Amino acid sequence: MWHDILFLLMGLVLIVAGGNYVTDGAVAMATRFKVTPAVIGLTVVAFGSSTPDLVVSVLSTVQHKSELAIGDVVGAGIFDLLLVVGITALIMPIKISKSALWCDLPVMVVAALIIFFCAEDRLMDGHATNNILDRGDGLVMLLVFALFMLYTFNNARKQATMPDRATRQVQKQQAATKPPMKMWLAITCIVLGLGALVIGGDWIVDGASGIALKAGMSEAMVGLTIVAIGSSVPDIASSVAAALKGQAGLAMGNVVGACIMDMLFVLGTCAVIHPLNAGHVSLLNFATMAGAAIVVWLLAMIGKGPKEISRPEGAVLVILYIAYIVALIMTH
């Protein structure tokens, strides 16, 4: 047990340091390429912070532990949407750009609904005996993910040639605070930071999983809670670090990008490798993930002023996550 605890603590140290390095490097790249930090969060940071989920889920799939693979992605999505966004909003209200409001967040909702309808075979078909994500479902997820990334990169290229008002404002603020970081240093910060996030996340997963399994938890429960939370710690580390530095747009882009990548790319890849049996990952979990995505989108839309997720709304999201964990424990 002491070995697992040591890995858990060492992982936490690495992800805190990695979160700071990634934030600094990503903001510098956004300034250099004349795009918003949110775009960098949707791509570079999201890919990096989702790597632990990809590694855990693919290895679980290859080892025929499909409940662990699905539980990791679903649990991580719920954790990111409710707790990470909630805590980030409590630190600093999250401004929502027009692109995020009408493209990124809707794509995230669509991704969550795709998983819900594809995985809940018993709900959709009364004759089905198991909830299965097959290769056809996986190919659909990968196709939607490819289309989203194509749009994101096209949008980034447009911002580079014709920056909008928000992009110019970010660039002006950063130029006023300190000289821009050199490109090689920004890339080094991102690479080192992502490396620390991946290694730290892996250590957290190993340590937390070891502790949980010794406590007699089921594979699905471990995936939905310990592994999902452990592999999502890089997301909360990067997002909180960004929020503390006044870059809530980067934090939101990171969360949305990580959720989309986990739901479509990670789970789609696993389903293509081998059909996934959801097992004990129940309707409660799939419905909560889809509902969380819809709630975050609705919170971003309400209000007459500038679109944002406020501190009170962040508190609501945190409370919803606590309620989900209580319900999960009571039903297992």
Quick one: is A323 small (G, A, S), buried (at least 17 other Cβ atoms within 10 Å of the Cβ) and in a helix (DSSP H, G or I)? no
Pairing a residue in the range 206-235 that is closer than 19 Å to H332 by Cβ with any residue that is in a loop (DSSP other than H, G, I, E, B) and at pLDDT below 80, where Cβ atoms lie under 6 Å and the two sit 6 or more apart in sequence or on different chains, gives M221/H332
Name the helices (runs of 4 or more DSSP H) wholly inside the range 195-275 in which the number of residues that are modelled with pLDDT under 75 is 3 or more. 228-244, 248-260
Condition check: buried (at least 24 other Cβ atoms within 10 Å of the Cβ), in contact with a helix residue (DSSP H, G or I) (Cβ under 6 Å, 6 or more places away or on another chain) and either at pLDDT below 90 or assigned to a helix (DSSP H, G or I) (or both). Does G314 satisfy that? no
Flag if A186 is over 24 Å from the mean Cα position of the chain (by Cα), more than 14 Å from L264 (Cα to Cα) and either modelled with pLDDT of 85 or more or of a type in the set (G, A, S) (or both): no
Every residue from the range 136-145 that is more than 22 Å from N277 (Cβ to Cβ) and loosely packed, with under 13 Cβ neighbours inside 10 Å: L143
Options L8, L54, L68: the member that is at pLDDT 70 or above and buried (at least 24 other Cβ atoms within 10 Å of the Cβ): L68
Can you confirm whether A300 is touching a residue at least 24 places away in the same chain (Cβ under 8 Å), crowded, with 17+ Cβ neighbours inside 10 Å, touching a strand residue (DSSP E or B) at 6+ places or on another chain (Cβ under 7 Å) and under 19 Å from A128 (Cβ atoms)? no
Quick one: in the range 121-163, which of the residues that are in a helix (DSSP H, G or I) and acidic (D, E) is modelled with the highest pLDDT? D137
For the range 53-64, which positions are of a type outside the set (S, T, Y) and touching an Asp or Glu at 6+ places or on another chain (Cβ under 6 Å)? D53, V56
For the range 112-119, state whether one or more residues are within 23 Å of L82 (Cα to Cα), out of contact with any Leu (no Cβ under 7 Å at 6 or more places or on another chain) and modelled with pLDDT under 85. no
Among the candidates A242, A258, which residue alone is on the phi < 0 side of the Ramachandran plot and within 10 Å of the chain's Cα centre (by Cα)? A258
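The values are calculated or read from the model by the stated rules, or taken from the named source; none is laboratory data. If you're wondering where the values come from, they're calculated on a predicted model, not measured in any experiment. Cβ coordinates were reconstructed from backbone atoms using ideal geometry, including for glycine residues, and neighbour counts include every protein chain displayed.
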